[in-house]
1. Can you pull out the residues in region A:6-35 that are farther than 16 Å from A:THR63 by Cβ and open to solvent by 70 Å² or more (accessible area, probe 1.4 Å)?
2. Could you look through region B:55-64, keep only residues that are within 12 Å of chain A (Cβ to nearest Cβ) and farther than 25 Å from A:ALA41 by Cβ, and pick out the one that is most open to solvent (accessible area, probe 1.4 Å)?
3. Restricting the first residue to region B:31-49 and requiring it to be outside any strand (DSSP E or B), which pairs with a second residue that is of a type in the set (S, T, N, Q) meet a Cβ separation below 8 Å and a spacing of at least six or different chains?
4. Out of A:LYS71, A:LYS38, I need the residue that is on the phi > 0 side of the Ramachandran plot, out of contact with any Gly (no Cβ under 6 Å at 6 or more places or on another chain) and either within 14 Å of chain B (Cβ to nearest Cβ) or surrounded by 13 or more Cβ atoms within 10 Å (Cβ to Cβ) (or both). Which one?
5. Tell me which residues, restricted to region A:10-34, are at pLDDT 95 or above and within 12 Å of the chain's Cα centre (by Cα).
6. Are any residues in region A:77-107 more than 12 Å from every other protein chain (Cβ to nearest Cβ) and at pLDDT below 90, and if so, which ones?
7. Residues to consider are B:TYR90, B:TYR50, B:TYR31; find the one that is aromatic (Phe, Trp, Tyr) and open to solvent by 60 Å² or more (accessible area, probe 1.4 Å).
Amino acid sequence: DQQVKQNSPSLSVQEGRISILNCDYTNSMFDYFLWYKKYPAEGPTFLISISSIKDKNEDGRFTVFLNKSAKHLSLHIVPSQPGDSAVYFCAASERTSYDKVIFGPGTSLSVIP
Amino acid sequence: EPEVTQTPSHQVTQMGQEVILRCVPISNHLYFYWYRQILGQKVEFLVSFYNNEISEKSEIFDDQFSVERPDGSNFTLKIRSTKLEDSAMYFCASSEAHWEELFFGEGSRLTVL
């Protein structure tokens, strides 16, 4: 069962432009969402999170938007840099019930210099 | 910066053999996790551990798997009798609070022949 979906397996963006990575979820009980970045041969690294009481959270070049009614979130990276090239995982959890974090399948981002 | 460390980085084993993967979580973290990623597939939750006991586990985490924290610093994953389909990258993670931002190790690649 795919509770967290990332329908774009890959994305290419020109350096300096905006990268938008999308994520959809099916479990309406999810109330905490996270983005992780993963380079080859390394573990996932936490990037940014958002609680369901917010619709936007910003940290430097990274902004996460949450649309609860659509069960959709997106990660915006602006401006994109070549070092941002990595696989990005969307993850979700039911924090109040201490359920596990479910990861999406990932989107591979390539930022072209 | 504190980090989660994992050993070995790569282990090759014969089917049916026992394997122990080791992790040293970040020292002030109280929650520990194992995830795995089969090549080309998504990151999958295996188990979470708190206060010296398993708090949650997935369907993947069957009787062949066990975890323990033998000495207060190491957190180990044991696979009793490995199968070909256990070949994957195994990630250890830790967090200060339950299901808050997870800090991942670089992974241990297990190859079962």
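The values are calculated or read from the model by the stated rules, or taken from the named source; none is laboratory data. The structure presented is a predicted model; accordingly, all values stated were derived computationally and were not measured. In this analysis, Cβ positions are derived from the backbone assuming ideal geometry, glycine residues included, and neighbour counts consider all displayed protein chains. Quick note on the areas: whole protein, heavy atoms, side chains included, nothing else; ligands and nucleic acids left out. Shrake-Rupley method; radii C 1.70, N 1.55, O 1.52, S 1.80 Å.
1. Answer for region A:6-35, where residues must be farther than 16 Å from A:THR63 by Cβ and open to solvent by 70 Å² or more (accessible area, probe 1.4 Å): A:ASN7, A:PRO9, A:SER10, A:SER12, A:GLN14, A:GLU15, A:THR26, A:SER28, A:MET29.
2. B:GLU59
3. From region B:31-49, the pairs are B:ILE38/B:SER87; B:LEU39/B:SER87.
4. Checking each option against the conditions leaves just A:LYS71.
5. Passing the criteria: A:SER19, A:ILE20, A:LEU21, A:ASN22, A:CYS23, A:ASP24, A:TYR25.
6. Passing the criteria: none in range.
7. Being aromatic (Phe, Trp, Tyr) and open to solvent by 60 Å² or more (accessible area, probe 1.4 Å) holds for just one of B:TYR90, B:TYR50, B:TYR31, which is B:TYR50.
Quick grid of which residues meet (1) within 14 Å of the chain's Cα centre (by Cα); (2) hydrophobic (A, V, I, L, M, F, W, C); (3) more than 14 Å from chain A (Cβ to nearest Cβ); (4) assigned to a strand (DSSP E or B):
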residue: B:SER66; (1), (2), (3), (4): yes, no, yes, yes
residue: B:GLY72; (1), (2), (3), (4): no, no, yes, no
residue: B:LYS78; (1), (2), (3), (4): yes, no, yes, yes
residue: B:GLU106; (1), (2), (3), (4): yes, no, no, no
